[in-house]
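Worksheet for the structure shown next.
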Amino acid sequence: MTFHWEKLDLRLGLSYTIIAVVFLILYGSTGPVWMVAGISALLAWVIVLLGEPASWRAEIAGLALFLGFGIAASLVAHMLAAYEIPRVLGLGLFTFGAILLLRFGAYWYIVGWCLTFWYLLTPLFSLSLGLGETLEGHVIGAGGLLLYGLGKRFWHEAASPEAPGEGAGLIPFAQVIPYATTVAIVMAISVFIGGRTLESDPTIIAAAALNVISPSSDQTWEAVLLRAISVGVGVLIGFGLGLWFPTAVAEQAVFVTCSFITVATIRLSFGPAVGCFAAITAFPWGSQGYEIGNAIANEKLLAEFVGIMIAGIGITILARLARGRLR
């Protein structure tokens, strides 16, 4: 596992923490729309931080694509959520189309990855909060990052011309389509199993698989190991804090601290971010008491294991098929 310590960015973490505190205050005073907005904004931020767009225009185009297609994804996912087979097939087809963006390079692959994640999560919001609230939260979150990107250009960089980005060549469809097909199948199988077996959250298996899968078999298994360790540690910490300090103030402190760690280390390694998400998620489990929380945590850990193993096996099969064609 590789850690790029030179990419630790405490200043960036602090800036996002301030934003997280603002969202937390607004969430407490105006309703759950701000929770959805915060998750949408975080995914939009991932596009910029991990995608590292080659130019300002690419950054704006990627954020605009996430905003627009995210709205369409919410509508489609909400309509299909009540029907098992359409829901599974819909996720598979959407994933296939989103991952095809790899054709245009790593940045657009990240855009497609975030769109897939949003499609997976959005029924959880729309079925509990309402479709209108979900769309409103997405527009506020992703739209806010888009406006920030536009403002950053005109307020701080208007005096200096934009340096041309180094455009990467198109990746052949012969490489992209098999990978997109594999990811689509992995996501469809994962959400099908989750819907049949999980009670707390049917998307856990699919989310775990999406978080580790990559075009490289070696990188996928490295991510499997990193996620297994990070989620295990994060659940233990979050669950323990929720069990010992079951207060709203403690939960907010965990949220703010994890927000700082996530963004400050996201370019260093994805492990701390995964662990922080797990800690935030596990805190409410612990606050419900040992018996109830322990049952939820066990289901979460088992689902994580199943998801990352499905992803690892899927990419390994793809890699072996590819080697077989080359012989």
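Worth a mention:
- Extreme residue, modelled with the lowest pLDDT, among residues of the range 15-27 that are open to solvent by 80 Å² or more (accessible area, probe 1.4 Å) and farther than 10 Å from Val256 by Cα: Tyr27
- Arg320 satisfies every condition listed in (1) surrounded by 19 or more Cβ atoms within 10 Å (Cβ to Cβ); (2) closer than 30 Å to Val176 by Cβ except (1).
- The lone exception for Gly275 - which of (1) crowded, with 20+ Cβ neighbours inside 10 Å; (2) in contact (Cβ under 8 Å) with a residue 60 or more places away in the chain; (3) in contact with a Ser or Thr (Cβ under 7 Å, 6 or more places away or on another chain); (4) not basic (Lys, Arg) it fails: (2)
- For the range 133-145, the criterion of being part of a helix (DSSP H, G or I), among the hydrophobic types (A, V, I, L, M, F, W, C), open to solvent by 60 Å² or more (accessible area, probe 1.4 Å) and at pLDDT 90 or above is satisfied by at least one residue.
- Among (1) over 30 Å from Ala322 (Cβ atoms); (2) modelled with pLDDT under 90; (3) buried (at least 21 other Cβ atoms within 10 Å of the Cβ); (4) of a type in the set (A, V, I, L, M, F, W, C), the one test that Phe239 misses: (2)
Conditions (1) part of a helix (DSSP H, G or I); (2) at pLDDT 90 or above, marked per residue:
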| site | (1), (2) |
| --- | --- |
| Ser269 | no, no |
| Cys276 | yes, no |
| Ile280 | yes, no |
| Trp285 | yes, no |
| Ile292 | yes, no |
| Lys300 | yes, no |
| Ala303 | yes, yes |
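- Taken together, the criteria place Leu49 among residues that are touching a residue at least 12 places away in the same chain (Cβ under 8 Å), under 16 Å from the mean Cα position of the chain (by Cα) and within 22 Å of Ala20 (Cα to Cα).
- Restricted to the range 28-121, the set of helices (runs of 4 or more DSSP H) holding at least 3 residues that are at pLDDT 95 or above and touching a helix residue (DSSP H, G or I) at 6+ places or on another chain (Cβ under 6 Å) comprises 56-80, 84-99.
- Subset of the range 198-241 [more than 15 Å from the chain's Cα centre (by Cα), closer than 22 Å to Leu80 by Cα and touching a residue at least 40 places away in the same chain (Cβ under 8 Å)]: Leu198, Glu199, Ser200, Asp201
- Answer from Thr197, Thr220 - the residue that is open to solvent by 10 Å² or more (accessible area, probe 1.4 Å) and β-branched (Val, Ile, Thr): Thr197
- Here Val263, Val231, Val256, Val249 are screened, and the one residue that is out of contact with any Lys or Arg (no Cβ under 9 Å at 6 or more places or on another chain) and buried (at least 20 other Cβ atoms within 10 Å of the Cβ) is Val263.
- No other residue among Leu75, Leu80, Leu100, Leu129 is under 29 Å from Glu52 (Cβ atoms) and either open to solvent by less than 50 Å² (accessible area, probe 1.4 Å) or among the hydrophobic types (A, V, I, L, M, F, W, C) (or both) apart from Leu100.
- With respect to being assigned to a helix (DSSP H, G or I), open to solvent by 50 Å² or more (accessible area, probe 1.4 Å) and at pLDDT below 95, Leu124 fits the description.
The values are calculated or read from the model by the stated rules, or taken from the named source; none is laboratory data. Treat the numbers as computed from the prediction; the structure is a model and nothing was measured. Glycine gets a Cβ as well: all are built from the backbone with ideal geometry, and neighbour counts include every protein chain shown. The protein model used for the area step is the full one, side chains on, heavy atoms only, and it has no ligands, DNA or RNA in it. Shrake-Rupley method; radii C 1.70, N 1.55, O 1.52, S 1.80 Å.
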